[in-house]
Amino acid sequence: MGDNGPVGESATGLGVGEIVDLLATGAARPLRDGSSVSQLDHALQTAALLEREAPDDRELLAAGLVHDIGHLVPGVGDDAHAGAAAEAVRAALGDRVADLVALHVQAKRYLVATEPGYGAELASDSVASLANQGGSMSPDEVAAFGALPLAPAAVALRRADDSGKVEGLVVRDLGHWVPLLQGLS
Ligand SMILES: [Fe+2]
């Protein structure tokens, strides 16, 4: 864990300390052009929203915190960010966290296909990335996703992801989450 060299394009097997350091770099990365919400704010808000929904599911909370860490790895494009994030955290945080992270883009595509009005509510950055991510799911893809044991938690993560973009919202800081991450490693 964490012995694969500096964080770069192939950031796999990060340790908890490296994950926390990478998340902290998100403080300097606006979520989108002109937004005062940073990638770190978004991570913290997503985890905080999930804590309200499922306070005992520590793996889901961790997944919410790290789901967009792929955006903070140099050289990783938007279409690869979910997979990159999953592999970055799998060794330290476990398969369920990594799989939930990997599914957060698919969960958006699932909700666009299955929930009337969902697509219209998406933030502009999520709409912009949807086409590159495959657009709405086909009926076969919907059936396959819906059959996954992780589907309900992946959808919960996605809803928190969509809502965790509020300018000026004050939530628990990164230090609050470190013991939870350490407890999973
Ligand atoms: Fe996100």
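General remarks:
- The residues neighbouring Val97, those whose beta-carbon lies less than 11 Å from its own, together hold a net charge of -1 under the Lys/Arg +1, Asp/Glu -1 convention.
- With the convex hull drawn over the C-alpha atoms of region 90-157, the volume per residue is 94 Å³.
- When you count the other C-beta atoms within 10 angstrom of each residue and take the mean per peptide, 40-51, 156-167 line up highest first as 40-51, 156-167.
- For the chain, the solvent-accessible area works out to 45 Å² per residue, with a probe of 1.4 Å and every protein chain left in place.
- Orientation-averaged projection of region 25-141 equals 7.8 nm² [convex hull of Cα atoms, one quarter of hull surface area].
- Nearest-ten-degree value, helix 151-163 long axis tilted from longest Cα axis of the chain: 80 degrees
- Nearest-20 debye value, region 1-149 charge dipole, Cβ charges on Lys, Arg, Asp, Glu: 120 debye
- ³J(HN,Hα) computed for each position of region 48-57 - Karplus, 6.51 cos²θ - 1.76 cosθ + 1.60, integer Hz, glycine/proline x: 5, 5, 5, 5, 5, 7, 9, x, 8, 8
- Sequence-distant residues sharing a close amide H with Gly164 (under 5 Å, placed H): none
- Relative packing of peptides 91-97, 127-133, 110-116 - highest average C-beta neighbours within 10 Å first: 91-97, 110-116, 127-133
- Solvent-accessible area, 1.4 Å probe, carbon plus sulfur percent, for the chain: 52 percent
- Per-residue [θ]222 nm for the chain (sum of -39500 (n - 2.57) over DSSP H runs n ≥ 4, rounded to 500): -17000 deg cm²/dmol
- Degrees between helix 81-93 axis and first principal axis of the chain (Cα, 0 to 90, nearest 10): 50 degrees
- Other-chain or far-sequence residues with amide H under 5 Å of Ser38's (modelled H): Leu31
The values are calculated or read from the model by the stated rules, or taken from the named source; none is laboratory data. Fair warning: this is a prediction, and the values are worked out from it, not measured in the lab. Positions of Cβ are backbone-derived with ideal geometry, glycine not excepted, and every protein chain shown enters the neighbour counts. Just the protein is used for accessible areas: all its heavy atoms, side chains included, with ligands, DNA and RNA removed. Shrake-Rupley method; radii C 1.70, N 1.55, O 1.52, S 1.80 Å.
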